[in-house]
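Read through the structure below, which is laid out as structure tokens, and then see the notes.
The values are calculated or read from the model by the stated rules, or taken from the named source; none is laboratory data. From a predicted model like this one, the values you see are computed outputs, not experimental measurements. Cβ coordinates were reconstructed from backbone atoms using ideal geometry, including for glycine residues, and neighbour counts include every protein chain displayed. Note: accessible area is taken over every heavy atom of the protein model, side chains too, but ligands, DNA and RNA are not part of it. Shrake-Rupley method; radii C 1.70, N 1.55, O 1.52, S 1.80 Å.
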Amino acid sequence: MVGTGSIWGFTGSTMTSLMFFWAIYKQYFPYHLRVYIEEYVYKLMGWVSNYVHIKFDEYTGEGLKRSEAYNSIRNYLSSKSTACAKRLKANETKNSKSLVLSLDDDEAVEDEFEGVMVKWSSSVSKNANQSNTSRGNGSDERRYLTLSFHREHRRMIIETYLAHVLREGKEIGLRNRERKLYTNNSSQEWYSRRSGKWSNVLFHHPATFETLAMDPVKKEGIKKDLIKFSKAKDYYKKVGKAWKRGYLLFGPPGTGKSTMIAAIANFLEYDVYDLELTTVQNNSELKKFLLDTTSKSIIVIEDIDCSLDLTGQRKKKNEEDEENEDEEEKKEAEKKSKVEGYERKSKVTLSGLLNSIDGLWSACSDEKIIIFTTNFVDKLDPALIRRGRMDKHIEMSYCRFEAFKVLAKNYLEIEAHDLYGEIEILLEETDMSPADVAENLMPKSDEEDANICLKRLVKSLEEEKEKARKLAEEEKKKKAEREARRNKKKAEQEEKKKKKENGDVAGENGNKI
């Protein structure tokens, strides 16, 4: 017993001494000197050790993009960590019944593959210079994972094991991930600890293609196009194109453009990045935002014609139309231009946007869909919506009978009614958005049944038809008045021209006399 006590006493005093010297070392040795010493210690250990170490940083390059390899390895190690690690990091996720556990900082776990034991360790270090926070990861801490294994297994680990880890980790991530809706932050918020380039919430929009009010044939064509894209990685590589696809959704307000985006996201199980261009300061910042998006995602710019002064930059107006334009319309256009010029803070240009979505930068990540929406497609610059950028143009039109039947089934759970014939005729003669039709179909109380809702829709359609008729008459009258004013102005100009010519002739005759 005495011998055992002596051993424990010696061990305790030795550990105490080591801890004391370690504290002195960390406190009084300058950081750069410690880095220098540790570098040579690691080299010395490498000379005498039979083990190989591979390091995986959380961020790649200059910190512009989160490493997909790091995320895949962390996913792969999650089950190993839960079973074996002594210290775990618990991440609470919204609307999740269980905690997500991962390997804690400065913790290690072992793994076995084909009879070979390897060791994974998680580490974190502080940047020496606070300016390194500009790396873009929103913190002055750098995390990394290290794989250690015996050098005799080098070839098998590099060629087989790592591929297995990355593949399994990616599949685990796709199975366990909660899809999110992102919005871009102001650049002033990037470097705070709680905020990066994007903020997010869980994406739980209920829209599906089954509930989308659209012609079934058109809807089926869109679904087939999406399926073809999601399976076309090798095809895009073969033809030399970035694995991305652009969709332009255009049509009047209330026709379901945002609902279509949600339906596409749910159909493909993609994340959604809602990019607000007016908060992006310049083209460089726009590229950084897009670089920080993940694969299997949809990048959305809604109301692209209103986001920035990007539309119609190369449009040439007809000189004759300019001469005949009403004075009131000119004043209104000038007023609008001044307001837009005052409000515009972003320096994103059309060229910068085109290069970001379709230039060299667009090939930095795969499997993305880019969607633009607009109420006025004619206002968009042709270069912005040409095929190859916006590959598929989808018109979101007013509600017709086929779309109405989808809405009636959704809201009233009926597929036929005596009023269907009258409604079909009215919908062909009247432009009403699916949003307005849905509002009429939605029961306002428990006493309202399908019959009451359909009668309300019929009444609304008749009122809208009458309103459209009056507007058409007023527009016809205004058009005639404008034409009359133009003809009068033209006649006055002709009369003025004739008088001037007659005056010139009279002057010449007087000079001759």
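Net length available on complete extension from SER79 to LYS119 is 12.9 nm, with 0.36 nm assigned per residue and the Cα-Cα distance removed.
Ligands, DNA and RNA left out, the accessible area of segment 407-494 computed with a 1.4 Å probe is 48% carbon and sulfur. At an R0 of 45 angstrom, the distance between the Cβ atoms of GLU463 and GLU112 translates into a FRET efficiency of 0.05. On the basis of the beta-carbon distance and an R0 of 51 Å, SER258 and ILE158 show a calculated FRET efficiency of 0.60. If R0 is taken as 51 Å, the Cβ-Cβ distance between ARG177 and GLU475 corresponds to a FRET efficiency of 0.45. Working ranking of peptides 296-302, 209-215 by packing, defined as the average number of other Cβ atoms within 10 Å per residue, highest first, is 296-302, 209-215.
Computed over neighbours whose Cβ is under 13 Å from that of PHE56, the net charge equals +2, Lys and Arg +1, Asp and Glu -1.
Remark: the Cα gyration tensor places segment 407-494 in the prolate category, a/c being 1.5 or greater and a/b exceeding b/c. Packing, taken as the mean count of other beta carbons within 10 Å per residue, orders the peptides 171-178, 437-444 from highest to lowest as 437-444, 171-178. Ligands, DNA and RNA are left out, and with a 1.4 angstrom probe the accessible area of segment 387-504 is 69 Å² per residue.
Given their separation in residues at 0.36 nm each and the Cα-Cα distance between them, ASN502 and HIS150 gain 116.1 nm when the chain is fully extended.
Counting Lys and Arg as +1 and Asp and Glu as -1 over every other residue whose Cβ lies under 15 Å from the Cβ of GLY240, the net charge comes to +2.
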